[in-house]
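**Student:** Starting off with a structure, shown below.
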Amino acid sequence: GESVGLHLPTLSVQEGDNSIINCAYSNSASDYFIWYKQESGKGPQFIIDIRSNMDKRQGQRVTVLLNKTVKHLSLQIAATQPGDSAVYFCAENRRALTFGSGTRLQVQP
Amino acid sequence: DVKVTQSSRYLVKRTGEKVFLECVQDMDHENMFWYRQDPGLGLRLIYFSYDVKMKEKGDIPEGYSVSREKKERFSLILESASTNQTSMYLCASSLIGQPQHFGDGTRLSIL
């Protein structure tokens with residue numbers, strides 16, 4: 001069936017380094033993607049979104065890249081900080097959200 | 001800021017009980033959603049509503065119902081709670097075509 005998934009369950013980076021979290025999707029008709037951050041004990045928090053008419057979108061310290069050819073998107077976090085430690089989800093937005101399984105980002109001091 | 005408020009952070013109920021989970025949003029969003037989140041299974045859509053008194057089944061509606069009598073409030077009802085409904089329940093709301101905003105969840109335990 002159609003799905004959205006993430007490549008790695010866990011990613012460990014050093015404080016100050018850049019982080020890259022990857023996500024693949026299977027439906028070539030998908031046209032709207034959202035990245036969420038979920039900290040322990042909290043609900044998912046919106047980070048950034050991108051529509052299929054764009055290849056790249058930037059926010060504060062975050063960049064999302066969308067490669068429609070290979071059905072892949074990535075979230076890049078610049079100068080990763082301890083407060084970035086969380087589980088990150090990519091989600092495809094159609095009638096509702098279809099979530100990937102999540103990548104846990106661990107920031108080492 | 002968008003505020004989605006779920007009435008309880010933690011709830012413990014017994015099998016067979018009728019359970020109500022309440023969600024309120026303060027941004028006049030048309031759409032509201034209920035998900036459950038389980039380890040290894042991610043977030044799964046139970047029901048959603050795109051207008052008052054309107055509802056649509058999600059991917060796992062069995063054993064649940066919903067009510068949306070007012071635009072700002074969306075209730076999830078477990079008709080007869082069972083142990084396999086022990087989970088984290090997340091409510092979200094959005095404008096049409098815009099990102100969903102989530103509450104902090106209700107951790108429900110069915111004994």
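Throughout, read-outs are computed from the coordinates displayed, never taken from laboratory work. Keep in mind that this is a model prediction, so the values were computed, not measured. Cβ atoms come from the backbone with ideal geometry, glycine included; neighbour counts cover every protein chain shown.
**Student:** Could you identify which residue out of A:GLY41, A:GLY59, A:GLY16 has the top mean-square fluctuation in a GNM of chain A using Cα springs shorter than 10 Å?
**Tutor:** Largest GNM mean-square fluctuation: A:GLY41.
**Student:** Given the protein assembly as shown, what count of lysine pairs have C-alpha atoms under 20 Å apart, with each pair 8 or more places apart or on different chains?
**Tutor:** The result is 15.
**Student:** Follow-up. Which whole-Hz ³J(HN,Hα) couplings does segment B:96-110 yield from phi under the Karplus relation 6.51 cos²θ - 1.76 cosθ + 1.60, θ = phi - 60°, glycine and proline marked x?
**Tutor:** 4, x, 10, x, 7, 10, 9, x, 8, x, 10, 8, 9, 10, 10
**Student:** What net charge do the residues around B:MET54 carry, taking every other residue with its C-beta under 14 Å from that of B:MET54, with Lys and Arg at +1 and Asp and Glu at -1?
**Tutor:** Within the 14 Å Cβ shell, the charges total +4.
**Student:** Please state the equivalent ellipsoid semi-axes for the protein assembly as shown: what are the square roots of 5 times the Cα gyration tensor eigenvalues, largest first, in whole Å?
**Tutor:** They are 30, 20, 16 Å, listed largest first.
**Student:** Further question on the same structure: What's the local net charge at B:LEU11, with K and R +1, D and E -1, over the other residues with C-beta under 14 Å away?
**Tutor:** +3
**Student:** Pick from B:VAL52, B:VAL12, B:VAL24: which residue has the top mean-square fluctuation in a GNM of chain B where Cα pairs under 10 Å get a spring?
**Tutor:** Result for chain B, Cα springs under 10 Å: B:VAL12 fluctuates most.
**Student:** Partner chain Cβ atoms within 10 Å, averaged over the residues of A:91-99 - can you pull that number for me?
**Tutor:** Mean partner shielding for this stretch: 6.
**Student:** Moving to a separate point now. When the dipole is taken about the Cα centre of chain B, and only Lys, Arg (+1) and Asp, Glu (-1) are charged at their Cβ, what size is it in debye, to the nearest 20?
**Tutor:** The calculation lands at about 300 debye.
**Student:** Let me ask something additional. Could you state the per residue volume, in Å³, of the convex hull enclosing the Cα atoms of segment B:4-110?
**Tutor:** Here the figure is 89 Å³ per residue.
**Student:** Return P(r) of chain A (all Cα-Cα pairs; 10 Å bins starting at 0; whole %; ordered from short to long distances).
**Tutor:** 15, 51, 29, 5, 0
**Student:** Among A:ASN93, A:GLN106, A:PHE46, which residue has its Cα positioned farthest towards the positive end of the charge dipole of segment A:4-108, with +1 placed on the Cβ of Lys and Arg, -1 on the Cβ of Asp and Glu, and the dipole taken about the Cα centre?
**Tutor:** Positive-most Cα among the choices belongs to A:ASN93.
**Student:** Give me the inter-chain shielding for B:87-95: mean count of other chain Cβ atoms within 10 Å, whole number please.
**Tutor:** 2
**Student:** Of the residues B:GLY58, B:GLY16, B:GLY42, which exhibits the maximal mean-square fluctuation in a Gaussian network model of chain B defined by a 10 Å Cα contact cut-off?
**Tutor:** B:GLY42
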